[in-house]
Structure formats: structure tokens, C-alpha cells
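Okay, so here's the structure we're looking at.
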Amino acid sequence: MFRQIKYALLDIKVYKRISIIFFIQMVVVLLLVNSCITQIITVNNGLNRLQKLKDNKAYVNRDATSNGKIDSLIADERNSVPKLKELYSYIINNNITNTYSKFEYQTSEQIEGNTIVQATANKMFFDIYDIKAVEGRMFNESDFIGNSKIIPVVVGYNLKDRYKLGEIYLERDLDTNKDINYKVIGIIEYNSSYPSLGDIGKETELNYTFFKPLNINLINNFSSMDMAISSTVVFTNNEKEVRAIEEKSVELGLFSMKYRPIQEDINKYLDYFHKKITYQIFIAFIVLFFAATSMALNLTTMISKNIREFSIHMICGAEISSIIERFLWQLLIIMSLALVPTVIVYDINISLLYTIVIACIISLLIMSIPYIKLKRTNIIELIRRND
């Protein structure tokens, strides 16, 4: 085996130009292949994460309100905020539908280069995504309706040293822009996350997020009520219920709300995703075709130039497989080097394993051409041809 590797390295040195070109081409191919595999795995995992929303017939709001209307509502905040609270109460207190709401602000503080996020959510958000506490407790029903001057919060796992369980902290509340006392009642499990509704497969981690309960009794500004309503996902088997919400908003002179089944958004994203992946695979195939063809022809040329040497080896008892092994090692050495940029860019993960398998298959396919050439050639004729 070591002798074959030695010959393979000498072949690469002799045919340096074609080897370098093949190496560059395979770097491009393997990067594209790994990218496709990674995206497919990510999207597939994302679809699995969204399955519960699909099963529960989730509807998401795509607001069509004009900028002019928004500006007028902001200018008349004293009258618009009570109407927004009425609309939100109408949405969440409907016995026929279930809802979850979650919105967030980024704070100016960072830990280990990660921005601390202040989020607000209702109880169903934590229930639907099975977000649990590893220490302390999660919110209970009373946390969402109380008027206490001390607000309970649960914090992401990587904030447990910044916000210690059971301690009270005076912090600037980004909802109201006032200083509020927060009491840490729970630490969220490490690497808890929830799926993006717009970018299928993307997960938003909660390690650097702290949550306070969504209590509209404590919200008195337009922006927070606006985000609470626009972020609300409605679960219902009756589409008339979401149309009633849209009509209620118009009746109150607020937003032009347009609820759509989440399946529609998923289908649109998948349509875009399929086109994107098809394009990448097409580019990878074109590059691979030229790379494989040029390398196969190079190996065939190598056989022709060294035919007498190979013929003598075969007369002396060498098998075609030993010659093919020499060529195969040449390919595997180049392929292994071509995988290095892929490892650097995408790290070591399950998609890399699939990429390695594909690289091996490519090598075997390329080797089929010189193998067929050697198999079909008569040794005696080869020697006579080169005398």
C-alpha cells in the first residue's frame, strides 16, 4: 500500500498542472455539495420543529397597514393604546382560539460578545415550544395578570451568573423605558430555542435572553402593544375566527391585518428553497462534469504514456487492480486535500460525512474509465505496439 501511495504522490508531482486544476475544481464541488446537504438537513429539521404549529392549524399575521396609518396611530397614542389593548384582549380571550405572543428588544449590554435580549411572551409560547426551567420555575398564570411592583423573569442559561436565581435587579425596562425591579424565578434549560417562522430551519437560541411575562395591564405605549399584536400566532380550526380578528381591527380603526395559514408561508419558502438548491446542484454538477472528465482523461493519458511499464507489471503477475489502486490513491489524496476547505468553512458535522461519501463515489466513478481501458486492452498487443 505504501508503495502505491509513493507512486501516487510521484504521479501528482509529474502531472502537477492537471492535479492542481482538479484540486481547485473539487474544492468548489465539495463546498457546494456540503452547502446543499447542510441546508437540506437544516430545513428538514426546521419543518419538524414547525410540525406542531401545522398540526394545530396556526395562522400568522402579515400586516398590510400603510406607513401613514401607523404614523397617525403613533401621533394619537393616548387614544390608540386603549384600542390596541381592546384588540389584543379580543384576540387572546376568544375561547375558540389559542394564541401565543412573543416580542423582544436588544439591550446595550453584552456577555462574551453576545447581546443580552429582553423578551416578553405569554404562557403558550413556552408551552408550544416546550421551554422549561433547569432551576427554579417557569411562569404560572398569576404572573401574567398581577400588578406587583416586582416583575418575575426567567433567564437564559448563559445569564445565570449575571442574573442569579432568587435575586432582585433594578433594570431599565425597554417596553416602558422605566427602571423596574425584576426578580429571577427560573433558569431556562441550556440551548433552549424556538424556530423562525420566516426562515425555515433557523433556530433562535435563548441562552442570552431573559423573559418577562406579557401583561398588557403594565404596557402603556404604542410600540410594545403593536409588537404584541403583530407577533401573535393564532391557532384555530375555523378560519372565520381569524377573519373576525381582522374585522375587529378595522372596526377599531387600527391595522389592516391579513392572517394566513402558516402552511402557506412554509410552501412559499420551500418553493424558493427548491429553486436555490436546484441551482446550486446544477452548478456543482457542471463543475464536477468538467473536473471528472479532465481527470479521467488525464489518467487515461497516463496509462498510454506508461503502457509499457504497466504491461510488464501485468506480465509479471500484477493485477489490474494494483494499477487502479495507484490511480485511486492519487484521487483520494487530492480529494482529502480538497475536503480541508469544507471542514474549515462548515466544521465537522453530519453533512461532512455525507460529503465524504459523495467524494468517494466520485472517485470510484472517475476510476471506472481507466479500469475499462486496461480491462479491454490485450497485454501482448500493448507490448508490440510500443516496441
- Any of 54/202; 69/268; 102/258; 54/268 with alpha carbons more than 24 Å apart? Name them for me. 69/268
- Grab the DSSP H runs of the chain that are 4 residues or longer, score each as -39,500 (n - 2.57), total them, divide by all residues and round the 222 nm result to the nearest 500 deg cm²/dmol. -19000 deg cm²/dmol
- Query: Treating the beta-carbon of each Lys and Arg as +1 and of each Asp and Glu as -1, no other charges, what is the dipole magnitude of the chain about its Cα centre, to the nearest 20 debye?
  - Reply: 1800 debye
- Connecting every pair of Cα atoms under 10 Å apart in the chain and solving the GNM, the largest mean-square fluctuation among 302, 335, 367 falls on 302
- Item | Largest-first principal axis extents of the Cα set of the stretch 102-213 (Å) | 39, 32, 27
- Item | Listed residues 359, 244, 58, most fluctuating in the chain (Gaussian network, C-alpha, under 10 Å) | 244
- Query: At a Förster radius of 25 Å, what calculated FRET efficiency corresponds to the Cβ-Cβ distance of residue 55 and residue 93, to the nearest 0.05?
  - Reply: 0.60
- Starting from the exponent 0.38 and prefactor 2.2 Å, build the expected Rg for the chain from its residue count and divide its actual Cα Rg by it. 1.49
- Message: Please list 3J(HN,Hα) in residue order for the stretch 201-214, calculated via the Karplus relation 6.51 cos²θ - 1.76 cosθ + 1.60 where θ = phi - 60°; whole Hz, with x for glycine and proline.
- Response: x, 7, 10, 9, 6, 10, 5, 10, 10, 10, 10, 10, x, 7
- Task: Restricting to the chain, compute how many DSSP beta bridges are antiparallel as a %, nearest 5.
- Result: 70 percent
- Note on the structure: Residues meeting the amide H criterion for residue 259 (H placed from the backbone, H to H distance under 5 Å, 5 or more places apart or on another chain) are 62
- Query: Roughly how many debye, to the nearest 20, is the charge dipole of the stretch 102-213 about its Cα centre, given +1 on each Lys and Arg Cβ, -1 on each Asp and Glu Cβ, and no other charges?
  - Reply: 280 debye
- Which loop GluC sites (Glu not before Pro) in the stretch 65-117, with loop taken from DSSP, have no more than 12 other Cβ atoms within 10 angstrom of their Cβ? 112
- How much length is gained on full extension from residue 110 to residue 275, taking 0.36 nm per residue of separation minus their Cα-Cα distance? 55.6 nm
- Query: What angle do you read, to the nearest 10 degrees and between 0 and 90, between the alpha-carbon axis of helix 350-376 and the longest principal axis of the chain?
  - Reply: 20 degrees
- Task: Could you list the chymotrypsin sites (Phe, Trp or Tyr not before Pro) in the stretch 51-138 that lie in coil according to DSSP, counting only those with at most 11 other Cβ atoms within 10 Å of their Cβ?
- Result: none
- Task: Can you tell me the dipole magnitude for the stretch 22-89 around its Cα centre, using point charges on the Cβ only (Lys, Arg +1; Asp, Glu -1), in Debye to the nearest 20?
- Result: 260 debye
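None of the figures in this text is laboratory data; all of them are computed from the coordinates on show. Just so you know, these numbers come straight off a predicted model, no measurement behind them. Every residue, glycine among them, receives a Cβ derived from its backbone with ideal geometry; neighbour counts consider all protein chains shown.
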